[in-house]
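Asker: I'd like to ask some things about the structure below.
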Amino acid sequence: MYNIQTLNKISTLGLNQLDSKEFEVAGACENPDGILVRSADMHEMAFGSNLRAIARAGAGTNNIPIDRCSEAGIVVFNTPGANANAVKELVLCALLLASRDVIRGVKWAWNLTEADGDVEKLVEKEKSKFVGPELLGKNLGVIGLGAVGVKVANAALKLGMNVYGYDPYLSVQNAIDLNHAVQVVDLNTVYKMSDYITIHSPLLPATRGMINGPSLDSMRQGVRIINLARGGLVDDEDMLAAIASGKVARYVTDFPNNNLVGKEGVVTIPHLGASTPESEENCAIMAAQELREYLLYGNIRNSVNFPNVELPRSGAARLAVIHRNIPNMLSNILTLLGNEGANVENMVNQSKGNYAYTLINLGQTISNETLEHVRQLDGVLRLRIIRY
């Protein structure tokens, strides 16, 4: 029986993926084997010795101490693509909000009363204050062609826009899914050619503040920028200066803060990118399935800190070893297994940066003594035996 702790409210459809015969799920748990989380901040949280995996029901993992988890051999999962359609739809809304001054126009109309006179005449007189361009024929730059970016790029084509995409790490699957009419170019070309730019990059040290003074200077006059990815991708002060100068016509962001709220030319959305019932359900289902697959079988799908590794089930037991990506590790493990006469039926080893993961299907179970020898190998971070 595996104990699973939930740090946020998780959709029932997600929790239903964890069979009650194999998993005990609770909000309060002293030393869980796994954790399901959405937005709860885990950086100051103490982890028990049993914790093997954390599954984030969402794409971003900034609320999880990834480095600390990696050193402890704790696998961190996210759910890429599960909320992609929800974010895509809000981007389409943001494109329109970046064009016509809908927000200010609605506020103005909302406050009209009979005391103001004939409302119909007032509307006809004042509507010119809220005009803006159409999307048809305009150039859209999509920075980041992941699950969301690809959907946005393909949808924008259907709106009659010309689309330029940039992603230095474009995956094979996303390249296949991307409409061939999208022009994949370098970042400077995106800045130079785009009337609208939407950002869909992860927040990393290399991407923090990527939209800043120099990058804004290289863009078209009157560019309209959308950021529903991460607030830290845009330098707020540089953005406000660009708006004041007229370089940026409008900035739509899903990440309001004290610098941005109430500022002319800024549309602040209260972090609604993935706020749909469907998105929350999709994320919860995927996160629970990832946790289940790892705890029961040792397979890793969509980990942010360890490689994705899956192996068909065979034999009597499975050895799962999380270790550093260093020379001779695999041969040392196999030598110890061979010393006991263990038959390796199948195996797979993959690495990701400084870390690696090895799954070995064995024809028979092995002694606790051999397991301890493997555990004591230099570079081994976590080991467990899964018996069938």
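Asker: Return a yes/no flag: does the stretch 72-81 have any residue that is out of contact with any strand residue (DSSP E or B) (no Cβ under 6 Å at 6 or more places or on another chain) and on the phi > 0 side of the Ramachandran plot.
Answerer: Yes, the conditions are met somewhere in the stretch 72-81.
Asker: Go over the candidates A147, A156 one by one and state the one that is more than 21 Å from the chain's Cα centre (by Cα) and buried (at least 17 other Cβ atoms within 10 Å of the Cβ).
Answerer: A156
Asker: State whether the residues of the stretch 353-366 include one that is touching a helix residue (DSSP H, G or I) at 6+ places or on another chain (Cβ under 6 Å), under 30 Å from F23 (Cβ atoms), in contact (Cβ under 8 Å) with a residue 12 or more places away in the chain and hydrophobic (A, V, I, L, M, F, W, C).
Answerer: So far as the stretch 353-366 goes, no, none of its residues is touching a helix residue (DSSP H, G or I) at 6+ places or on another chain (Cβ under 6 Å), under 30 Å from F23 (Cβ atoms), in contact (Cβ under 8 Å) with a residue 12 or more places away in the chain and hydrophobic (A, V, I, L, M, F, W, C).
Asker: Examine the stretch 20-27 for a residue that is more than 25 Å from G60 (Cβ to Cβ), in a loop (DSSP other than H, G, I, E, B) and touching a strand residue (DSSP E or B) at 6+ places or on another chain (Cβ under 8 Å), and state whether such a residue exists.
Answerer: Scanning the stretch 20-27, I find at least one residue that is more than 25 Å from G60 (Cβ to Cβ), in a loop (DSSP other than H, G, I, E, B) and touching a strand residue (DSSP E or B) at 6+ places or on another chain (Cβ under 8 Å), so the answer is yes.
Asker: Mind checking whether some residue in the stretch 322-335 is assigned to a strand (DSSP E or B) and open to solvent by 20 Å² or more (accessible area, probe 1.4 Å)?
Answerer: Taking every residue of the stretch 322-335 in turn, at least one turns out to be assigned to a strand (DSSP E or B) and open to solvent by 20 Å² or more (accessible area, probe 1.4 Å).
Asker: Something else now. Looking at this structure, is S49 within 23 Å of Y355 (Cα to Cα) and out of contact with any His (no Cβ under 8 Å at 6 or more places or on another chain)?
Answerer: So S49 fits the description; yes.
Asker: If you go through the stretch 70-117, how many residues are modelled with pLDDT under 90, open to solvent by 50 Å² or more (accessible area, probe 1.4 Å) and over 16 Å from the mean Cα position of the chain (by Cα)?
Answerer: So the answer is 4.
Asker: Right, R318: under 26 Å from D19 (Cβ atoms) and part of a strand (DSSP E or B) or not?
Answerer: Yes.
Asker: Moving on. Residue check: is V252 touching a residue at least 60 places away in the same chain (Cβ under 8 Å) and not small (G, A, S)?
Answerer: Spelling it out, V252 is indeed touching a residue at least 60 places away in the same chain (Cβ under 8 Å) and not small (G, A, S).
Asker: Here's something else I'd like to know. Filter the stretch 1-19 down to residues that are in contact with a Leu (Cβ under 9 Å, 6 or more places away or on another chain) and either more than 30 Å from R387 (Cβ to Cβ) or in a loop (DSSP other than H, G, I, E, B) (or both), then give me how many there are.
Answerer: Number satisfying all stated conditions: 5.
Asker: Output the residues belonging to the stretch 262-271 that are part of a loop (DSSP other than H, G, I, E, B) and closer than 13 Å to G231 by Cα.
Answerer: Answer for the stretch 262-271, where residues must be part of a loop (DSSP other than H, G, I, E, B) and closer than 13 Å to G231 by Cα: I269, P270, H271.
Asker: Tell me yes or no: at least one residue of the stretch 342-354 is outside any loop (DSSP other than H, G, I, E, B) and open to solvent by less than 10 Å² (accessible area, probe 1.4 Å).
Answerer: no
Asker: Quick check on the stretch 364-378. Is at least one of its residues under 32 Å from the mean Cα position of the chain (by Cα) and open to solvent by 40 Å² or more (accessible area, probe 1.4 Å)?
Answerer: No; the residues of the stretch 364-378 include none that is under 32 Å from the mean Cα position of the chain (by Cα) and open to solvent by 40 Å² or more (accessible area, probe 1.4 Å).
Asker: For the stretch 188-211, how many residues are of a type in the set (A, V, I, L, M), open to solvent by less than 40 Å² (accessible area, probe 1.4 Å) and in contact with a strand residue (DSSP E or B) (Cβ under 9 Å, 6 or more places away or on another chain)?
Answerer: Of the residues in that region, 5 qualify.
Asker: Can you pull out the residues in the stretch 294-315 that are on the phi > 0 side of the Ramachandran plot and either buried (at least 23 other Cβ atoms within 10 Å of the Cβ) or in a strand (DSSP E or B) (or both)?
Answerer: G298
Asker: Go through S245, S275 for me and flag whichever is open to solvent by 50 Å² or more (accessible area, probe 1.4 Å) and modelled with pLDDT of 95 or more.
Answerer: S245
Asker: If you don't mind, there's one more thing I want to ask. With (1) over 13 Å from G209 (Cα atoms); (2) in a loop (DSSP other than H, G, I, E, B); (3) touching a strand residue (DSSP E or B) at 6+ places or on another chain (Cβ under 7 Å) as the list, and V252 as the residue in question, which single condition is left unmet?
Answerer: (2)
Conditions (1) small (G, A, S); (2) assigned to a loop (DSSP other than H, G, I, E, B); (3) touching a residue at least 12 places away in the same chain (Cβ under 8 Å); (4) closer than 15 Å to L145 by Cα, marked per residue:
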| position | (1), (2), (3), (4) |
| --- | --- |
| V163 | no, no, yes, yes |
| P168 | no, yes, no, yes |
| Q173 | no, no, no, yes |
| H180 | no, yes, no, yes |
| V190 | no, no, yes, yes |
| T198 | no, no, yes, yes |
| S201 | yes, yes, yes, yes |
| L204 | no, yes, no, no |
| T207 | no, yes, yes, yes |
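Asker: Restricting the search to the stretch 124-144, which residues are surrounded by 12 or more Cβ atoms within 10 Å (Cβ to Cβ), in a helix (DSSP H, G or I) and modelled with pLDDT of 90 or more?
Answerer: The answer is K127, F130.
Asker: Please indicate, with yes or no, whether at least one residue in the stretch 48-65 is open to solvent by less than 10 Å² (accessible area, probe 1.4 Å), within 19 Å of G298 (Cα to Cα), within 15 Å of the chain's Cα centre (by Cα) and at pLDDT 95 or above.
Answerer: yes
The values are calculated or read from the model by the stated rules, or taken from the named source; none is laboratory data. Quick caveat, the model's predicted, so the values are computed rather than measured. Here Cβ is always computed from backbone atoms with ideal geometry, including for glycine, and neighbour counts include all displayed protein chains. Quick note on the areas: whole protein, heavy atoms, side chains included, nothing else; ligands and nucleic acids left out. Shrake-Rupley method; radii C 1.70, N 1.55, O 1.52, S 1.80 Å.
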